[in-house]
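Novice: Next up is a structure, given as C-alpha cells.
The values are calculated or read from the model by the stated rules, or taken from the named source; none is laboratory data. If you're wondering where the values come from, they're calculated on a predicted model, not measured in any experiment. Don't worry about glycine lacking a Cβ; one is built from the backbone with ideal geometry, like all the others, and counts go over all protein chains shown. Areas reflect the complete protein model, heavy atoms only, side chains present, ligands, DNA and RNA absent. Shrake-Rupley method; radii C 1.70, N 1.55, O 1.52, S 1.80 Å.
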Amino acid sequence: MTETVETARREIIQELRRAGIESPELTADLLIGFVIERDRVFILSHPGYPLGGDSRARLNGLAARRARGEPLQYLTGEREFYGRAFHVTPDVLIPRPETEFLVEAAIGLIRTNRGRFSSNIRFADVGTGSGCIAVSVLCEIPDAFCCAIDSSFPALTVAMKNARRHHADGRMAAICGDLLTGVATHECFDFILSNPPYIARMDYNNLSVEVREFEPGLALFGGDDGFEIYRRLIPASFRRLSAGGYLLLELGAGQAVEVERLTAKEGFLTETIVKDLQGIPRCLAARKPYRSVHG
C-alpha cells in the first residue's frame, strides 16, 4: 500500500503530541513540506499525494529528532527574520523576533543621522552568529559596510553564507575574534550593534530543552549574572566608535537599568530604550558624545 501525505501526517502528529511538542500539526506540515519541497497549502490540499520510501524514512528521522526536542529550525536549516529567510545551523543561535527591535532601531538611527558622518556608514555587528542583524541592516542601507565579528569560525561561515544569499557579501567583512580585539586598532565605526550572550548561568535549568541542549552555549550565557559581555563590550565600544557614534545593544528581560548604568559610567548618552510588544525593554541605543573626558 502506497504511503500518502495524509497517513504520514496523522502518524507524525501523534508522535509529536505524545512528546509534548508545541503545535504538532504545524510542525508535521512543515517537516513534510521540507522533505517533499512543497508549502503547507499543498500539504493540506493534497492528502493523497504519494510518499516514496526514502521520503518517509527521512520524515521518520526528522520527526524523531523533533520529538527529542531538537529545534525545527535546525532540522530545516532555515529561519525567517526581518522578512528574509536565513540559513541556520547548531553553530548559531536561532534568530528571534525580539532582535528585530534592534535592527529596526539601527536602521532608523542610520537614516536619521546619515548627515553626521562624512562617508558611507561603517558598522560592526559583534557576535554576529547567523549574520541576521548585519545582513538585515545591509539590505536596508545599501551603501553601508559591516564588519561581522564572532569568536566562532563556524558561525562566521553561516553568516557569510547568508550575506551571499542576500547579495550583501561584497559589503561585509567576516572577522574571527573576541569582541572587538580582532579589528585593526585604527578602525573606527559609526555604529556598533550587538546581541550579546546575556543569560545568567544560574538560569541554565530554567531554559527550555530546545535552548538548553541544542543552541550554542557560547552565544547564550553572559557569565554568572548575565552581564559579563556587557561589562567588556561597552568600554571597548566607546574606544572604537567615532565621535557621535552609536552603540545598540539587545537586552534580556530585566537588564535595562544595569546596562544603562554601565553605558553611562563609560560616558555614553542614552538615546532611546526600545520596548517590545509586551512592554519589556529589548534594545538600548546610546551615543558617544562629540566631546568627552574619555577622548
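Novice: Could you look at segment 145-226 and say what percent of its accessible area is carbon and sulfur, using a 1.4 Å probe and all protein chains? Don't skip to the answer; put the middle values down first.
Specialist: Details: 2110 of 3850 Å².
That share works out to 55 percent.
Novice: Another one. Calculate, for segment 61-166, the solvent-accessible area per residue in square angstrom, rolling a 1.4 angstrom probe over the heavy atoms of the protein chains.
Specialist: 37
Novice: On to the next question. What does the convex hull of the Cα atoms come to per residue for the chain, in Å³? Please list the in-between numbers first.
Specialist: On the way: hull volume 40.0 nm³, N = 295.
It comes to 136 Å³ per residue, whole-number rounded.
Novice: Okay, moving on. What lysines sit close enough to Lys288 to cross-link, taking a C-alpha to C-alpha distance under 21 Å and skipping anything fewer than 8 places away on the same chain?
Specialist: Lys265
Novice: Roll a 1.4 Å probe over the protein heavy atoms and report the accessible area of Ser119 in Å², nearest 10.
Specialist: Result for Ser119: roughly 80 Å² accessible.
Novice: Take peptides 132-138, 29-35 and line them up by average Cβ neighbours within 10 Å, highest first, as a rough protection proxy.
Specialist: On the way: 132-138: 28.1, 29-35: 20.9.
Ranking the peptides 132-138, 29-35 by packing returns 132-138, 29-35.
Novice: Give the ranking of Lys288, Lys275 by solvent-accessible surface, highest area first, calculated with a 1.4 Å probe.
Specialist: Details: Lys288 15, Lys275 120 Å².
Output order, biggest surface exposure first: Lys275, Lys288.
Novice: Need one word for segment 1-94: rounded, prolate or oblate. Basis is the Cα gyration tensor (sqrt eigenvalues a ≥ b ≥ c); a/c below 1.5 gives rounded, then a/b vs b/c decides.
Specialist: Details: a/c = 1.85, a/b = 1.45, b/c = 1.28.
Prolate.
Novice: Where both partners of a DSSP beta bridge lie in the chain, what percent of those bridges are antiparallel, to the nearest 5? Mind showing how you got there, number by number?
Specialist: Numbers: 17 of 37 bridges.
Given both bridge residues lie in the chain, the antiparallel proportion sits at roughly 45 percent.
Novice: What accessible area per residue, rounded to a whole number of Å², is obtained for segment 242-291 using a probe radius of 1.4 Å? Walk me through the numbers on the way to the answer.
Specialist: Working: 2330 Å² over 50 residues.
Per residue, segment 242-291 has 47 Å² of solvent-accessible surface.
Novice: Net charge near Pro154: determine it from the other residues with C-beta under 15 Å of the C-beta of Pro154, scoring Lys and Arg +1 and Asp and Glu -1. Write down the numbers at each step before the final one.
Specialist: On the way: positive: Lys161; negative: Asp91, Asp150, Glu215.
Its environment carries a net charge of -2.
Novice: Compute the distance in nm between two label points, each set 7 Å from the Cα along the Cα-to-Cβ direction, one at Leu277 and one at His186.
Specialist: Inter-label distance under the simple model: 4.8 nm.
Novice: What's the extension gain from Arg65 to Asn205 if we count 0.36 nm per residue and subtract their Cα-Cα distance?
Specialist: Additional length available on full extension: 48.3 nm.
Novice: Aspartates and glutamates within cross-link reach of Lys275: Cα-Cα under 20 Å, excluding same-chain residues under 8 positions apart?
Specialist: Cα-Cα hits under 20 Å: Glu98, Glu100, Glu104, Glu250, Glu258, Glu260.
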